[in-house]
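These notes concern the structure reproduced below.
Laboratory data are not the source of any read-out in this text; all were calculated from the coordinates shown. Computed from a predicted structure; not experimentally measured. When we count neighbours, we look across all protein chains shown, and the Cβ atoms used for this are built from the backbone with ideal geometry, even at glycine.
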Amino acid sequence: MARTKVVIVGAGFGGLAAAKALRNTPASVVLIDRTNHHLFEPLLYQVATSVLTPGQIASPIRAIFRRQKNATVILGEVTGVDKDKKCVFFSDADRENVPIPYDYLVLATGVTQSYFGHNEFAQYAPGLKTLVDAVAVRNKVLQAFEQAEAEEDPSRHRDLLTFILVGAGPTGVEMAAALAVLVRSTLQSEFRRIDPARARVVLVDMAPRVLPTFSEDLSTAAKERLQKLGVEVRLGHSVDLIDADGIIVAGERIFSKTVIWTAGVAPSPAGKWLNVDTDRAGRVRVQPDLTVPAHPEIFVVGDTASLDQNGKPLPGVAQVALQQGRYAGKLIHSHIVGGSTPKPFKYFDKGNMAVVGKGFAVLQTGKIHLSGFSAWLAWAAVHLEFLTTSSLRVSVFVQWVWTYVTGQRGSRLIVNHHGSDKGTRSAAAPLGTVAVTK
Ligand SMILES: Cc1cc2nc3c(=O)[nH]c(=O)nc-3n(C[C@H](O)[C@H](O)[C@H](O)COP(=O)(O)OP(=O)(O)OC[C@H]3O[C@@H](n4cnc5c(N)ncnc54)[C@H](O)[C@@H]3O)c2cc1C
């Protein structure tokens with residue numbers, strides 16, 4: 001008899017947990033992702049600010065499942081689902097809309113960047129969602145310092161050495177603090193014509209406080225810490241415009257060549273593929289067992305799913321995705337082997353954390369609110385624990401200790417990933433002149 005086929009789309013936190021929960025299930029598990037790696041998104045900002053290398057926060061999916069004999073990994077982009085024929089379609093390097101049949105389907109396709117209807121901002125303000133994004137931001141930041149050092153006209157230094165983060169949630173706060181530490185410590189002794197410590201780091205948000213999902217006391221602690229690091233925090237106004245010259249906020253133009261978008265996300269098109277009810281943001285409304293109505297064989301988990309608990313929607317965080325993925329895997333296992341059915345999904349909230357520069361974090365779990373070094377130690381321990389492999393844990397731990405003690409970063413290379421080296425030196429520029437990227 002043919003084995004039951006479970007197709008999982010997305011090898012992020014949710015998809016990976018679902019696949020692992022099926023390791024002892026007599027089923028064939030097919031895991032499809034458009035990248036060949038599982039990415040630890042919470043540390044993306046450390047790649048963008050040169051602390052870690054891309055290889056320290058991502059692992060090949062194939063390597064993670066090398067011992068799970070019932071799991072097959074496919075590199076491909078899923079483009080649709082046919083609920084009636086029970087198959088998903090994917091495209092790869094040379095084929096389009098290849099069907100893969102399933103008996104059970106788990107969609108764990110996460111979110112993408114959202115510019116709140118202003119897609120024209122995207123070309124000037126890259127986001128931070130993938131490894132390619134993180135390396136692009138790292139290139140942009142390091143390139144700005146190189147250009148400023150080479151630039152004779154000091155009036156251009158102002159734009160080059162102003163870094164703007166749009167969005168003061170955890171990513172914006174962590175990134176702003178890490179940039180402030182980078183410019184005031186690591187880079188300080190290496191430039192001769194400019195003073196990197198004079199660089200401006202500006203954090204902008206329309207919300208009245210930073211880290212709005214944290215309690216007010218922790219928001220205040222984070223804001224004070226940012227200001228101590230020299231970050232300009234501008235709250236209460238949305239950005240009116242982002243263009244090649246910088247941003248306009250509350251009618252004021254802030255000139256900058258490096259604007260980074262950390263403000264918003266939109267779910268994957270899973271709701272459209274399934275043609276089912278979604279919430280206002282476009283996330284698929286799932287039932288308490290994480291399936292979609294009338295389809296007990298289709299599960300949606302993680303950031304792309306919408307489920308209320310205690311009257312509030314569950315947040316788009318790694319723990320929710322992980323616990324939901326594990327739950328979906330266990331439920332499918334019990335359907336296949338005929339075991340007891342788990343109770344409806346219930347999220348166990350282990351708390352919230354955000355790091356604000358070297359040796360300082362805020363932590364909120366239940367009634368415990370902590371800020372400072374002890375919270376930072378807890379943050380470091382939890383992040384190490386959740387990295388996918390032991391080798392990454394060791395490598396990241398060693399790098400963090402090294403960076404903490406010496407101030408030196410793991411990777412400060414400017415790497416052009418899109419085949420373009422123009423900007424470092426133009427072929428047309430006469431020998432002896434330096435061509436500066438616009
Ligand atoms: C910069 C950043 C910092 C964060 N910091 C924290 C933090 O500190 N703490 C925390 O709890 N959470 C944090 N989060 C949120 C957390 O990472 C997400 O909640 C979590 O990754 C959601 O897991 P997921 O499985 O739903 O989606 P993801 O982990 O995003 O995985 C989705 C997967 O689906 C794949 N995929 C998408 N579309 C397709 C398709 N069409 N075909 C094939 N594959 C596809 C993607 O390649 C990806 O591998 C952060 C997120 C970001 C971006």
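Computed values, structure above
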{"quantity": "Separation of the Glu96 and Val132 label points, Cα + 7 Å toward Cβ, nm", "calculated": "1.9"}
{"quantity": "Nearest-0.05 FRET efficiency for Ser340 and Val394, computed from C-beta distance (R0 56 Å)", "calculated": "0.90"}
{"quantity": "Selection of trypsin sites (Lys or Arg not before Pro), region 334-402, meeting DSSP coil and at most 15 other Cβ within 10 Å", "calculated": "Lys346, Lys350, Lys367"}
{"quantity": "Region 244-333: equivalent-ellipsoid semi-axes (sqrt of 5 x gyration tensor eigenvalues, Cα, Å)", "calculated": "36, 14, 12"}
{"quantity": "Highest-MSF residue in the chain out of Gly76, Gly271, Gly311 [GNM, Cα springs under 10 Å]", "calculated": "Gly311"}
{"quantity": "Relative packing of 25-32, 302-309, 373-380, which averages over residues the other C-beta atoms within 10 Å, highest first", "calculated": "302-309, 25-32, 373-380"}
{"quantity": "Rounded FRET efficiency, nearest 0.05, which uses the C-beta distance separating Lys228 from Asp82 and R0 of 51 Å", "calculated": "0.35"}
{"quantity": "Shape call, region 151-213: gyration tensor on alpha carbons, a/c limit 1.5", "calculated": "oblate"}
{"quantity": "5 angstrom amide H check on Thr72, placed H, neighbours 5+ away", "calculated": "Val29, Val30, Leu31"}
{"quantity": "Gaussian network model of the chain, springs between alpha carbon atoms under 10 Å - residue of Gly329, Gly117, Gly169 with greatest fluctuation", "calculated": "Gly117"}
{"quantity": "Cα-derived Rg to Rh of the chain, Kirkwood definition", "calculated": "0.99"}
{"quantity": "Near-label residues of region 364-382 by backbone N, under 16 Å of a point 7 Å along Cα→Cβ of Tyr404", "calculated": "372-382"}
{"quantity": "Backbone N under 17 Å from the Leu384 label point (7 Å along Cα→Cβ), restricted to region 13-47", "calculated": "43"}
{"quantity": "Protection proxy ranking of 11-17, 229-235, 125-131 - average other beta-carbon atoms within 10 Å, highest first", "calculated": "11-17, 125-131, 229-235"}
{"quantity": "Net charge of neighbours whose Cβ lies under 13 Å from the Cβ of Leu387, counting Lys and Arg as +1 and Asp and Glu as -1", "calculated": "-1"}
{"quantity": "Reciprocal of mean inverse Cα separation for region 1-71 (Kirkwood radius, Å)", "calculated": "13.2"}
{"quantity": "Residue-span extension gain [Asp289 to Glu152] - 0.36 nm each, minus C-alpha spacing", "calculated": "43.0 nm"}
{"quantity": "For peptides 60-70, 42-52, 214-224, sequence by mean Cβ density within 10 Å, most packed first", "calculated": "42-52, 214-224, 60-70"}
{"quantity": "Tensor-based shape of region 208-296 (alpha-carbon gyration tensor, a/c under 1.5 rounded, otherwise prolate or oblate)", "calculated": "oblate"}
{"quantity": "The chain - percent relative contact order, Cα under 8 Å, separation 6 or more", "calculated": "19"}
{"quantity": "Inter-site label distance for Arg280 and Asp243 at 7 Å from Cα along Cβ, in nm", "calculated": "3.1"}
{"quantity": "Per-pair calculated FRET efficiency, R0 = 25 Å: Glu252 and Ala122 via Cβ, rounded to 0.05", "calculated": "0.65"}
